[in-house]
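The values are calculated or read from the model by the stated rules, or taken from the named source; none is laboratory data. From a predicted model like this one, the values you see are computed outputs, not experimental measurements. Heads up, the Cβs are rebuilt from the backbone with ideal geometry, glycines too, and the neighbour counts pull from every protein chain shown.
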Amino acid sequence: MCECLAHTNEIYLVMYNIYKMKNNHLNLFFLLITVISFGSCSTEEEYHSYTTAIRNTSNEPFLLLVLGNDKYQDTDTLINTIVKPAEIIFKNSYRAPSFGGLDNEHFIYYMKLEFENGKGYICDEASSPLETCFQSKRSFTTSTTPEDFTHENGVYYYDITQEDYENAHVLP
């Protein structure tokens, strides 16, 4: 952005000098160069690389079902697996101007996490969480900020913790 402003100031100086000149052909030539130079100023967004994953840091295995849409609005079962303690799943990398959450390619609209004791969490994409969703943190179905993830060794982990196990809801 600063480079663009400096470039604009140079253009104004050239235009002022053109105004002071007497030769009309030279005025036209310099005016044309000025317009072309001014048009080359762009404000492209800088892209960053992000790697995300879901990590089970609890002592308990759980069943995880995640549904989402891809960019063509096809419904996908993105995850349907048992996640063991210390296991990392759904590792995903993408490039974007800013952090976009767990998966930048799919719109995740439903998540069901169920521990072996029948307790767990059901979350959707609604801004106000369901009563069965996480109460102490945002679900990855709605989170698009890095603060909801643990950043270690270049990876943003959405952690399912022992505290999540202890606070889990009785599921319907």
Legend entry - Candidate set from the range 79-105 (those that are in contact with a Leu (Cβ under 9 Å, 6 or more places away or on another chain) and assigned to a strand (DSSP E or B)); member that is surrounded by the fewest Cβ atoms within 10 Å (Cβ to Cβ): 80
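Restricting attention to the range 149-162, report how many residues are touching a residue at least 40 places away in the same chain (Cβ under 8 Å) and among the charged types (D, E, K, R).
Here is the first cut: in the range 149-162, the ones touching a residue at least 40 places away in the same chain (Cβ under 8 Å) are 149-150, 154-162.
So of that shortlist, the ones also among the charged types (D, E, K, R) come out as 159.
Residues flagged as touching a residue at least 40 places away in the same chain (Cβ under 8 Å) and among the charged types (D, E, K, R) within the range 149-162 amount to 1.
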Legend entry - Among (1) in a strand (DSSP E or B); (2) crowded, with 17+ Cβ neighbours inside 10 Å; (3) acidic (Asp, Glu), the one test that residue 60 misses: (1)
Inset, instruction - Could you look through the range 142-172, keep only residues that are assigned to a strand (DSSP E or B) and of a type outside the set (A, V, I, L, M, F, W, C), and pick out the one that is farthest from residue 98 (Cα to Cα)? - result: 169
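Based on this model, can you work out whether residue 110 counts as part of a strand (DSSP E or B), at pLDDT below 95 and within 20 Å of residue 137 (Cβ to Cβ)? Quick ask: steps written out before the conclusion?
Working: part of a strand (DSSP E or B): yes; at pLDDT below 95: yes; within 20 Å of residue 137 (Cβ to Cβ): yes.
In short, yes.
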Inset, instruction - For the range 114-129, state whether one or more residues are modelled with pLDDT of 90 or more, hydroxyl-bearing (Ser, Thr, Tyr) and outside any loop (DSSP other than H, G, I, E, B). - result: yes
Inset, instruction - For residue 108, indicate whether it is touching a Cys at 6+ places or on another chain (Cβ under 7 Å) and either β-branched (Val, Ile, Thr) or exposed (fewer than 13 other Cβ atoms within 10 Å of the Cβ) (or both). - result: no
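Could we say that residue 140 is in contact with a Ser or Thr (Cβ under 8 Å, 6 or more places away or on another chain), modelled with pLDDT of 90 or more and under 18 Å from residue 53 (Cα atoms) here? Lay out the reasoning, then the answer.
Working: in contact with a Ser or Thr (Cβ under 8 Å, 6 or more places away or on another chain): no; modelled with pLDDT of 90 or more: yes; under 18 Å from residue 53 (Cα atoms): yes.
Taking the combined requirement at face value, the residue does not satisfy it.
Which residues, counting only those in the range 66-121, are charged (D, E, K, R) and touching a residue at least 40 places away in the same chain (Cβ under 8 Å)? So that I can check it myself, show each step before the final result.
Narrowing the range 66-121 to residues charged (D, E, K, R): 70-71, 74, 76, 84, 87, 91, 95, 103, 105, 112, 114, 116, 119.
Result: 91, 95, 103, 112, 114, 116, 119.
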Legend entry - Hits in the range 122-136 - residues which are touching a residue at least 24 places away in the same chain (Cβ under 8 Å) and out of contact with any Leu (no Cβ under 8 Å at 6 or more places or on another chain): 131, 134, 135, 136
Inset, instruction - Out of 99, 62, report the one residue that is of a type in the set (Phe, Trp, Tyr) and under 18 Å from the mean Cα position of the chain (by Cα). - result: 99
Legend entry - Test: residue 159 is among the charged types (D, E, K, R), within 14 Å of residue 56 (Cα to Cα), in the same structural domain as residue 85 (by TED's automatic domain parsing) and surrounded by fewer than 20 Cβ atoms within 10 Å (Cβ to Cβ): yes
